[in-house]
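The values are calculated or read from the model by the stated rules, or taken from the named source; none is laboratory data. Owing to the predicted nature of the structure, the values given are computational and were not obtained by experimental measurement. Cβ placement follows ideal geometry from the backbone for every residue including glycine, while neighbour counts extend to all protein chains displayed.
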Amino acid sequence: MADTPYQVTGRQVRTEEPPSVSRVLGDGLKRSIAHVQDYSLLCLESVTNILTGPRYLQDLLAQMDAIGVGSLSIVLLAGFFIGAVMVMHTGSQFSRFGQTALTGDIVAVALVRELGPTISGLLVAGRCASGIASELGSMLVTEQVDAMRAMGTDPSRKLVTPRVVATLLMLPLLTAMADFIGLVGGSVVSVFTLRLDAYQFWSRAIAALDFADIMQGMSKAVFFGFILSTVGCYQGLNVRGGTQGVGRATTQAVVVSSVLILASDVFLTRLALYLSGKFF
Amino acid sequence: MNLSGAVEPAISLEDVHIGFEEGDVLRGVSFEVYPRETLILLGETGTGKTLTLKMAAGLLKPAAGRVRVLGEPISEMPEKEILDVRRKIGFVFQEGALFDSMTVAENVAYRLQEDHLPDEVIEPRVREALRFVELEDAIDRLPSELSGGMRRRVSIARALIDRPPIVLYDSPTAGLDPVTSQTIITLILSLRDLYGVTSLLATHRLQDGFALANFRFNPEVGRVVPLAANPGEERSENGGGTRFLVYREGKVYFEGDQHQILKSGDPYLNRFLI
Ligand SMILES: Nc1ncnc2c1ncn2[C@@H]1O[C@H](COP(=O)(O)OP(=O)(O)OP(=O)(O)O)[C@@H](O)[C@H]1O
Ligand SMILES: [Mg+2]
C-alpha cells in the first residue's frame with residue numbers, strides 16, 4: 001500500500017461495537033501518523049524521481065511558467081510596499097536619534113534575511129499551493145489521475161515532481177526580485193520622506209549585506225518552496241468527497257503550508273544564526 | 001500456454017475480496033477471461049463492477065485474493081512494476097475520465113506521447129483512431145465541448161491507440177440513448193474482431209452482451225453481420241466466444257453463455273432483460 005498513496009484502501013473487516021474514548025483517540029493518532037507517513041513518502045518520491053527517468057521536461061517548463069512568471073506581479077507589488085513601509089517605520093524611529101542614514105542597513109538586512117523569503121513564500125503559498133491542490137484534487141475526483149495510472153504513467157512523476165521542482169527553482173528567483181524591489185520601494189520612500197540621498201541609501205544597504213545574509217534568505221526560499229509545493233500536491237492527491245473535498249483541500253493547502261512556512265522559519269533562522277557564527 | 005497445454009487466462013481473479021468502511025462489496029469472486037474472449041460482467045448498480053475492473057487494471061488492490069493479468073500477479077506487485085503491465089491494458093472509464101485541459105487529439109495521443117514517438121508517427125495514428133470512432137471532426141475540441149456519447153467514443157479511441165491486447169470497458173453504454181449505445185457496441189465489436197482483443201465489459205444491459213454474442217464485424221463487407229445460428233460455430237470465428245457473468249450481493253451468481261441465461265428462467269437474471 002505504501003507505494004500507492006493515492007488509492008482507495010480496501011478494508012475487509014467491519015467493526016460493530018460502539019466506539020470507546022481510547023479507540024477514537026487511537027484511531028485519530030493512527031490517522032495522523034498515516035498522514036505524516038504518506039506526506040513524507042510523497043516528499044521523498046518527488047525528489048528521488050529526478051534521479052531516474054522518465055522525466056517530464058515539458059511539464060516542468062509549463063509549471064515554471066505558471067508558478068514563476070505567474071506569481072511575479074504579486075510578489076513584486078508586495079515587495080515594493082513592504083520595503084516602503086519598513087522605511088517609514090524604521091526611519092521614524094531612527095530620526096529620533098538623528099540616525100536616519102542607518103535605515104538602508106536595517107531595511108536591507110530585514111528584507112534579504114527574513115521578509116523577502118517569508119512574504120514571497122506566503123504569497124506563492126496562497127496562489128500556488130491552492131492552485132496545485134485544486135488542480136490535482138479535481139483531476140483525482142474526475143478519475144483523471146486513475147486514467148493516467150491506467151495508461152502506465154506514474155502520477156508522482158508526471159504531476160508532483162514537475163510542480164515541486166518548478167517551485168524549488170522559481171521561489172528563490174522570486175525572492176531575489178522581491179528583495180530588490182523592496183529596496184527600490186525603500187529608497188523611494190527614504191528619498192521623499194526622510195530626505196535621504198538615494199545613493200547613500202543604496203550604498204549603505206549593499207554594504208550592510210554579506211554573503212551569509214543572502215545564503216540565509218535563499219535557502220529559506222528553497223525550503224519554503226519545497227513546503228508549499230509538496231503540501232499542495234499532498235492535499236490535492238488526498239481529496240476525499242468530491243467537489244466539496246476539493247474546496248476543503250485547497251483551503252487546507254494554504255493554511256497548512258503557511259503555518260509550516262512560519263514555523264519552520266523560526267528554526268531556519270536559529271540554524272542560520274548558528275551557522276553564520278561558525279562559518280561566515 | 002502452460003505445460004499442460006491448456007490456454008492460460010488473460011485475466012484471472014481468485015477468491016477476491018474488497019470492501020470499505022460501510023461493508024464488504026465483493027466476497028470471494030473468482031473468474032477467468034481467456035485470450036480473445038469477451039466476458040460480459042452484469043450486475044445491478046453498486047455490485048462492484050467498477051471495482052472489479054479497477055482491480056483487473058491494478059488501480060485498486062483487493063483486501064484478499066489474487067488478481068493475475070497476462071500471467072503477472074498484479075495484486076501483489078508494487079505500483080512501479082504494474083505500470084508496465086498497464087501498457088498492455090486499455091481502460092475505458094465509466095465517466096470517460098478524459099483529461100479535461102487537453103484537446104481530443106492530445107487525449108488520444110497521450111500514450112504515444114509517453115513513448116516519445118515523433119509527431120509524424122503520432123499524427124496519422126491519432127487520425128486513424130478518431131476516424132475509427134467517427135470523431136475526426138472533433139480533433140481540436142476540448143472534452144467539455146463534446147456530448148456524453150462523443151466523450152465515451154474519445155475514451156475508446158484513447159484506450160485503443162496503442163492496440164492493447166486487453167481492453168476493459170466500464171459501462172460503456174450507461175446513460176446513453178439506444179442509438180448511441182448501438183454505435184458504441186458496434187465499435188467494441190469491430191475492435192474485437194479486427195484486432196482480436198480480449199474484452200471484459202461491465203454493463204447492466206443484457207442486450208449489450210447479446211449484441212456482442214450474436215454479431216461479428218466482417219472486414220470484407222466492412223460492417224457488422226449476424227453470426228451463424230449454430231452455437232458451436234461462434235467460438236471458431238474469433239478464437240474466443242462471449243460469456244456472461246452475473247454479480248449478486250458480492251458473489252458470482254451466474255456464469256455461462258447466452259443460451260444458458262435465456263433457458264434459466266431465473267427471476268433475478270430476467271431483471272436484466274428489460
Ligand atoms: N471509494 C469508495 N469508498 C467507499 N465505498 C466505495 C468506494 N468506491 C466504491 N464504493 C462502494 O462499492 C460498491 C461498488 O461500487 P462500484 O462502483 O464497483 O459499483 P458498480 O457495480 O460499478 O455500479 P454502477 O453500475 O452504478 O457503476 C458501491 O456500493 C460503492 O458504494
Ligand atoms: Mg460502475
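The table below gives the values:
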item: Per-region count, region B:37-64, residues in contact with a His (Cβ under 9 Å, 6 or more places away or on another chain) and either at the interface with another protein chain (Cβ under 10 Å from one of its Cβ atoms) or without any contact (Cβ under 8 Å) to a residue 24 or more places away in the chain (or both); result: 3
item: Considering residues of region B:85-95 that are at the interface with another protein chain (Cβ under 7 Å from one of its Cβ atoms) and either in contact with a Leu (Cβ under 6 Å, 6 or more places away or on another chain) or without any contact (Cβ under 8 Å) to a residue 60 or more places away in the chain (or both) only, the residue farthest from ligand 1 (Cβ to nearest atom); result: B:86
item: Filtered residues of region B:132-152 (kept if over 25 Å from residue B:117 (Cβ atoms), away from ligand 2 (no atom under 16 Å from the Cβ) and either in contact with a strand residue (DSSP E or B) (Cβ under 7 Å, 6 or more places away or on another chain) or within 14 Å of chain A (Cβ to nearest Cβ) (or both)); result: B:144
item: Residues (more than 7 Å from every other protein chain (Cβ to nearest Cβ) and part of a loop (DSSP other than H, G, I, E, B)) located in region B:73-84; result: B:73, B:77
item: Scan of region A:1-48 for residues that are within 11 Å of another protein chain (Cβ to nearest Cβ) and modelled with pLDDT of 90 or more, ordered by number; result: A:45
item: Hits in region B:42-58 (condition: more than 10 Å from ligand 2 (Cβ to nearest atom) and within 15 Å of the chain's Cα centre (by Cα)); result: B:42, B:55, B:56, B:57, B:58
item: Selection count, region B:140-152, where residues are surrounded by fewer than 16 Cβ atoms within 10 Å (Cβ to Cβ) and touching a residue at least 24 places away in the same chain (Cβ under 8 Å); result: 4
item: Unique match (being surrounded by fewer than 23 Cβ atoms within 10 Å (Cβ to Cβ) and either under 30 Å from residue B:114 (Cβ atoms) or within 14 Å of another protein chain (Cβ to nearest Cβ) (or both)) among A:146, A:197, A:213; result: A:146
item: Residue among B:171, B:155 that alone is in contact (Cβ under 8 Å) with a residue 24 or more places away in the chain, out of contact with any Cys (no Cβ under 8 Å at 6 or more places or on another chain), more than 11 Å from every other protein chain (Cβ to nearest Cβ) and polar (S, T, N, Q); result: B:171
item: Selection within region A:154-166 - within 12 Å of chain B (Cβ to nearest Cβ) and touching a Lys or Arg at 6+ places or on another chain (Cβ under 9 Å); result: A:154, A:155, A:157
item: Extreme residue, farthest from residue A:151 (Cα to Cα), among residues of region B:156-180 that are within 15 Å of ligand 1 (Cβ to nearest atom) and polar (S, T, N, Q); result: B:173
item: Meets criteria (more than 13 Å from ligand 1 (Cβ to nearest atom), outside the structural domain of residue B:156 (by TED's automatic domain parsing) and touching a strand residue (DSSP E or B) at 6+ places or on another chain (Cβ under 7 Å)) for residue B:64; result: yes
item: Contacts under 8 angstrom Cβ, first residue in region B:1-26 being more than 23 Å from residue B:86 (Cα to Cα) and at the interface with chain A (Cβ under 8 Å from one of its Cβ atoms), partner modelled with pLDDT under 90 and not in a loop (DSSP other than H, G, I, E, B), 6 or more apart; result: none
item: Region B:170-198 - residue that is within 16 Å of ligand 2 (Cβ to nearest atom) and aliphatic (A, V, I, L, M) and, of those, farthest from residue B:47 (Cα to Cα); result: B:184
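Residue-wise test of (1) under 12 Å from the mean Cα position of the chain (by Cα); (2) in a loop (DSSP other than H, G, I, E, B); (3) buried (at least 17 other Cβ atoms within 10 Å of the Cβ).
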| site | (1), (2), (3) |
| --- | --- |
| B:137 | no, no, no |
| B:157 | no, no, yes |
| B:168 | yes, no, yes |
| B:176 | no, yes, yes |
| B:181 | no, no, yes |
| B:194 | no, no, no |
